[in-house]
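Asker: I have a structure I would like to understand better, so I am pasting it below and will then ask my questions one at a time.
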Amino acid sequence: MQAYVLTQYGPAKDSLTLSTVPKPTATKNHVLIKANLLAGTALSGTVEEVGPDCTLFKVGDQVMTEPGLSILGAFSEYVSVPEDMVCEKPVKLSLEEAAAIPVSGTTAYQAIHKFAKLQAGQSILINGASGGVGTAAVQIAKAVGADVTTVTSGKNMPLMKQLGADFTIDYKTQDFTQMDKMYDCVLDIVGTASISACCKVIKPDGIYVSAGSLGSGMLIGNIADVLGCKMNPFKSRRVELAMNTPSRDALREVKELVDAGKLKMVIEKRFDFNHVKDAMEVLEAGHVAGKIIVRVSS
Ligand SMILES: NC(=O)c1ccc[n+]([C@@H]2O[C@H](COP(=O)([O-])OP(=O)(O)OC[C@H]3O[C@@H](n4cnc5c(N)ncnc54)[C@H](OP(=O)(O)O)[C@@H]3O)[C@@H](O)[C@H]2O)c1
């Protein structure tokens, strides 16, 4: 089968090579999925084989998965993953839309419910609301019944309104940390303001949740800051690092919201499998609205 192999660290154009590699098989509790659509470490597709210990799936099922660290990336024609990392695709969505759910949808869901524990009537500011995680987080926070303020560039303000945001701040002209309104939660997905600056707009009993950092291009950029704040006995606000835990249960929680019509995935661009490097270059530039999807097969 064809798969992109990571041959070195660095930008995708230098590090990814399209290669022919052995096709995996479904052993034990694994299912072999023929990928239709990919989104980096997430994919949707069709079950082609089930392992002898599988009880949840059969050949032909249309599924989505977020294999986590069990495979390093999903840029391949087939993946074999444990069935407890796999979920049926939402009834109302195409496979294409379903590919956008794992990782972004589950990270947003866990940030809002597990870490922020957001309640109806509370207020949340989402910094970096126009990316894959952010566009899902806006809708999930609205589904809770919260008052949602988003921070994006001006071009994404109409998208924010469409997703239900109550108020939007343009980061190119306004600094949200210098504004008067106080929030029950700041969910920071881009890490462009320091935690102490964000705390100025968080109510005394509120919470700062970090889910990502554009600066380093990786979540790792925020870990040291968040841990430092968590250990500081003089800190006045709660601080949490929202790490996504991939699982079938996490996917099912998001699927339920999608099936209830409360969450739609935003897809900005589609690329063919032989243009994965172009897709990654666009992603690495850091200005995608929603998700980028790669078509592997129809
Ligand atoms: N916690 C986890 O387990 C987990 C899981 C998945 C992803 N992540 C991390 O989450 C982060 C975001 O990922 P993503 O896929 O949602 O989005 P992304 O594609 O990395 O980010 C793109 C978005 O960021 C916006 N942006 C750029 N500069 C900004 C600024 N100064 N202020 C506010 N927004 C800005 C861009 O909007 P404009 O075009 O308008 O600038 C664009 O819509 C990444 O660091 C990723 O590694 C963490």
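Asker: Once you order the gyration tensor axes a ≥ b ≥ c over the Cα atoms, which shape class does the chain get: rounded for a/c under 1.5, otherwise prolate or oblate by comparing a/b with b/c?
Answerer: Details: a/c = 1.87, a/b = 1.68, b/c = 1.11.
Verdict is prolate for the chain.
Asker: What nm distance separates the two modelled labels at LYS203 and LYS161, each placed 7 Å from Cα along Cα→Cβ?
Answerer: Going from the LYS203 label point to the LYS161 one covers 2.8 nm.
Asker: Which one of TYR208, TYR171, TYR183 has the biggest mean-square fluctuation once the chain is modelled by GNM with Cα springs under 10 Å?
Answerer: Highest fluctuation among the options: TYR171.
Asker: Further question on the same structure: Ranked from the most accessible area to the least, with a 1.4 Å probe and all protein chains present, what is the order of VAL282, VAL288?
Answerer: Putting VAL282, VAL288 in descending order of accessible area: VAL282, VAL288.
Asker: If you restrict to DSSP beta bridges whose two residues both lie in the chain, what percentage is antiparallel, to the nearest 5?
Answerer: Working: 27 of 55 bridges.
Taking every DSSP beta bridge within the chain, about 50 percent pair in antiparallel fashion.
Asker: I've got another one for you. For region 105-144, which trypsin sites (Lys or Arg not before Pro) are in a loop by DSSP, counting at most 15 other Cβ atoms within 10 Å? Walk me through the numbers on the way to the answer.
Answerer: Working: sites: LYS114, LYS117, LYS142; in loops: LYS117.
Listed in order of number, the matching sites are LYS117.
Asker: Then there is this: Calculate, in nm to one decimal, what VAL5 and PHE234 gain on full extension: separation in residues at 0.36 nm each, minus their alpha carbon distance. Numbers along the way, then the final one.
Answerer: Numbers: separation 229, 0.36 × 229 = 82.44 nm, distance 4.66 nm.
Going from the current span to full extension adds 77.8 nm.
Asker: Kindly identify region 104-241 as rounded, prolate or oblate by the Cα gyration tensor criterion: order the square roots of the eigenvalues as a ≥ b ≥ c, call it rounded if a/c is under 1.5, otherwise compare a/b with b/c, prolate if a/b is larger, else oblate.
Answerer: Numbers: a/c = 1.37, a/b = 1.30, b/c = 1.06.
In terms of gyration-tensor shape, rounded.
Asker: Let me ask you something else. Find how much the distance from LYS172 to GLU256 grows on full extension, using 0.36 nm per residue of separation minus their present alpha carbon separation; answer in nm with one decimal.
Answerer: On the way: separation 84, 0.36 × 84 = 30.24 nm, distance 3.56 nm.
Length gained, LYS172 through GLU256: 26.7 nm.
Asker: Oh, and also: How high is the relative contact order of the chain, in percent, with contacts defined as C-alpha pairs under 8 Å that are six or more residues apart?
Answerer: On the way: 690 pairs, mean separation 55.1, N = 298.
Answer for the chain is 18 percent.
Asker: Accessible area of VAL79, 1.4 Å probe, to the nearest 10 Å²?
Answerer: Around 10 Å² of this residue is reachable by solvent.
Asker: Which of the pairs LYS172/LYS235; LYS161/LYS230; LYS92/LYS142; LYS161/LYS255; LYS203/LYS262 have their Cα atoms more than 26 Å apart in this structure? Write out the running numbers ahead of the final one.
Answerer: Numbers: LYS172/LYS235 29 Å; LYS161/LYS230 34 Å; LYS92/LYS142 20 Å; LYS161/LYS255 23 Å; LYS203/LYS262 28 Å.
As for pairs spanning more than 26 Å Cα to Cα, those are LYS172/LYS235; LYS161/LYS230; LYS203/LYS262.
Asker: Among GLY145, GLY261, GLY105, which one shows the biggest mean-square fluctuation in a GNM of the chain, springs joining Cα atoms closer than 10 Å?
Answerer: Result: GLY261 has the largest fluctuation of those listed.
Asker: Sort TYR109, TYR9 by heavy-atom solvent-accessible area, probe 1.4 angstrom, most to least. Walk me through the intermediate numbers first.
Answerer: Numbers: TYR109 40, TYR9 205 Å².
My answer, sorted largest first, is TYR9, TYR109.
Asker: Something else now. Give the residue list of trypsin sites (Lys or Arg not before Pro) in region 1-105 that are DSSP loop and have at most 15 other beta-carbon atoms within 10 angstrom.
Answerer: Values: sites: LYS13, LYS28, LYS34, LYS58, LYS92; in loops: LYS28, LYS58, LYS92.
Counting only loop positions with at most 15 other Cβ atoms within 10 Å, the trypsin sites (Lys or Arg not before Pro) in region 1-105 are LYS28, LYS58, LYS92.
Asker: Report the net charge of residues surrounding ASP205, where surrounding means a beta-carbon distance below 10 angstrom and charges are Lys +1, Arg +1, Asp -1, Glu -1. Present the calculation step by step, with values, prior to reporting the outcome.
Answerer: Details: positive: LYS203, ARG237, ARG238; negative: ASP184.
That works out to +2.
Asker: Using a 1.4 Å probe on the protein heavy atoms, what percent of the accessible area of the chain belongs to carbon and sulfur? Please list the in-between numbers first.
Answerer: Numbers: 7500 of 13500 Å².
It is 56 percent, rounded to a whole number.
Asker: Can you tell me which aspartates and glutamates have their Cα less than 17 Å from the Cα of LYS117? Leave out same-chain residues fewer than eight positions away.
Answerer: LYS117 reaches ASP147, ASP184, ASP188, ASP205, GLU240, GLU253.
Asker: Could you pull out every one of the lysines with an alpha carbon less than 21 Å from that of LYS23, ignoring same-chain neighbours closer than 8 positions?
Answerer: LYS34, LYS58
Asker: Considering only protein heavy atoms, what is the solvent-accessible area of MET265 at a probe of 1.4 Å, reported in Å² to the nearest 10?
Answerer: Surface open to solvent at MET265 totals about 20 Å².
Asker: For region 1-156, what class follows from the C-alpha gyration tensor (a ≥ b ≥ c being the square roots of its eigenvalues): rounded when a/c is under 1.5, otherwise prolate if a/b is larger than b/c, else oblate?
Answerer: On the way: a/c = 2.58, a/b = 1.55, b/c = 1.66.
Since a/c reaches 1.5 but b/c is at least a/b, the shape of region 1-156 is classed as oblate.
Asker: Just from its helices, what would the mean residue ellipticity at 222 nm be for the chain, if runs of 4 or more DSSP H residues each count -39500 (n - 2.57) and the sum is divided by every residue, rounded to the nearest 500 deg cm²/dmol?
Answerer: On the way: 9 runs with 73 residues, N = 298.
Calculated from helices alone, the mean residue ellipticity at 222 nm is -6500 deg cm²/dmol.
Asker: Pick from ASP205, ASP225, ASP188: which is most flexible by mean-square fluctuation in a GNM of the chain where alpha carbon atoms under 10 Å apart are linked?
Answerer: Checking each option, the largest mean-square fluctuation is seen for ASP205.
Asker: Let me ask you something else. Order the following by accessible area, largest value first: LEU95, LEU38, LEU56. Probe radius 1.4 Å; ligands, DNA and RNA are ignored. Intermediate results must be reported in sequence, preceding the final value.
Answerer: Details: LEU95 25, LEU38 0, LEU56 80 Å².
Largest accessible area first, the residues go LEU56, LEU95, LEU38.
Asker: How long, wide and thick is region 75-175, going by the Cα atoms along their three principal axes, in whole angstroms, largest first?
Answerer: Projected onto the principal axes, the Cα atoms of region 75-175 cover 46, 29, 23 Å.
Asker: For region 142-176 and region 10-55, what is the centre-to-centre distance using only Cα atoms, to the nearest Å?
Answerer: Between the Cα centres of region 142-176 and region 10-55 lies a distance of 36 Å.
The values are calculated or read from the model by the stated rules, or taken from the named source; none is laboratory data. Since the structure is predicted, the reported quantities are computational estimates derived from the model, not experimental observations. When we count neighbours, we look across all protein chains shown, and the Cβ atoms used for this are built from the backbone with ideal geometry, even at glycine. Please note that ligands, DNA and RNA were not included when accessible areas were found on the heavy atoms of the full protein model with its side chains. Shrake-Rupley method; radii C 1.70, N 1.55, O 1.52, S 1.80 Å.
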